[in-house]
Amino acid sequence: MSNSTATQTNDQYSLAKIVGIWLLGGAPMWIFAWLVHPAMSKELNPVDGGLLLMKLMLIGLIWQFLLSMFILYREEGNIRISTIRRRFWLNNPVSPRTGQKDNRLWWLLIPLMLLVVVLELGIAPFLSEIWTNIFRFLAEPQSRSLDALFVPEMYARWVGAWDFFALFVISSLFNNFLSEEFLFRGVLLPKMKGVFGKWDWVANGFIFGVYHLHQPWGIPGNILFGLLMAFAAKRFRTNWFPIVLHNGQAFYFGFLILGLVLGLA
């Protein structure tokens with residue numbers, strides 16, 4: 001690597017650049033959720049409207065992946081797997097005490113995953129209820145809810161619906177790995193120290209939570225979740241930790257949907 005390229009790689013982002021990338025990554029999601037989906041779903045039933053929402057969100061997530069790859073190419077000059085792994089911290093965890101990779105640290109995923117369960121099943125719903133009671137206009141509208149997809153009356157429709165299962169799997173792959181994690185923990189987190197110093201992980205978790213303007217009823221819980229993922233990534237200098245934590249809910253729903261498709265419900 002040339003000296004100029006190495007210097008560019010080590011440069012930290014300015015606040016304006018951080019905000020700009022945040023806006024570029026989030027704007028399509030917000031537009032699809034609050035403008036495109038309401039316009040396109042007026043004549044649809046709740047189930048078809050929910051499927052449309054999933055497809056629109058997937059387009060937004062694919063955009064985030066492409067944006068991440070574009071930024072990587074601009075900074076590194078290539079998008080080789082080795083470059084992605086280095087730039088996005090896709091490596092074994094590093095001990096904060098020794099500065100060396102330590103595979104024993106993978107065991108920390110067990111308490112971290114338990115903490116995610118407590119957060120998602122206990123703390124986040126409680127915070128969301130308080131949040132939406134204070135700001136009632138931020139409550140989840142019925143037209144945006146995916147609950148209609150999973151009521152017992154719909155179970156028969158999903159038997160053999162492998163296209164529905166594929167949509168969920170692809171959406172989860174981008175949502176929990178290739179898009180949000182690449183953009184927030186891959187592109188942004190390693191470049192935020194220049195502005196936020198040792199609190200870069202706090203800033204990263206906060207902007208991750210607020211990015212969920214397409215789901216504003218869940219912003220408080222997403223901020224806490226973002227803080228946990230950013231802390232784990234920064235503390236152990238590996239983005240495999242937040243990727244695994246981000247995928248916990250996806251595995252649960254994946255097995256649920258697979259059971260519906262196989263007619264086991």
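Assorted remarks:
- Surface accessible to a 1.4 Å probe, per residue, for the residues of the chain, Å²: 53 Å²
- Positive-end extreme of charge dipole, region 41-162 - chosen from F126, W106, Y155 (charges on Cβ): W106
- The largest accessible area among D200, D147, D48, D11 belongs to the first residue in D147, D11, D48, D200, and the rest follow in falling order (1.4 Å probe, all chains).
- 0 to 90° range, to nearest 10: angle between helix 219-236 axis and the chain longest Cα axis: 30 degrees
- Along principal axes, Cα extents of region 141-265, largest first, whole Å: 54, 30, 17
- Ligands, DNA and RNA aside, W30 has an accessible area near 40 Å² when probed at 1.4 Å.
- F70 contributes an accessible area of around 110 Å² to the protein surface, as traced by a 1.4 Å probe with all chains present.
- Here region 73-209 is treated as a Stokes sphere of Kirkwood radius computed over C-alpha pairs; at 20 °C and 1.002 mPa s its diffusion coefficient rounds to 112 µm²/s.
- Nearest 10 degrees, 0 to 90: helix 46-76 Cα axis against the chain principal axis: 10 degrees
- Kirkwood-Stokes translational diffusion coefficient of region 79-129, alpha-carbon pairs, 20 °C, 1.002 mPa s, µm²/s: 158 µm²/s
- Only alpha carbons enter this Debye calculation for the chain, each as an equal point scatterer, and the log10 of I(q)/I(0) it gives at q = 0.07, 0.12 Å⁻¹ is -0.27, -0.79.
- Debye, to nearest 20: dipole size of the chain, +1 on Lys, Arg Cβ, -1 on Asp, Glu Cβ: 1080 debye
- Of all accessible heavy-atom area on the chain, the percent that carbon and sulfur account for (1.4 Å): 68 percent
- Across the options G50, G197, L61, the greatest Cα extent toward the positive end of the charge dipole of the chain (unit charges at beta carbon of Lys, Arg, Asp, Glu) belongs to G197.
The values are calculated or read from the model by the stated rules, or taken from the named source; none is laboratory data. Worth saying up front: this structure is predicted, and the values here are computed from it rather than measured. Here Cβ is always computed from backbone atoms with ideal geometry, including for glycine, and neighbour counts include all displayed protein chains. Side chains are part of the model used for accessible areas, which takes the heavy atoms of the whole protein and leaves out ligands, DNA and RNA. Shrake-Rupley method; radii C 1.70, N 1.55, O 1.52, S 1.80 Å.
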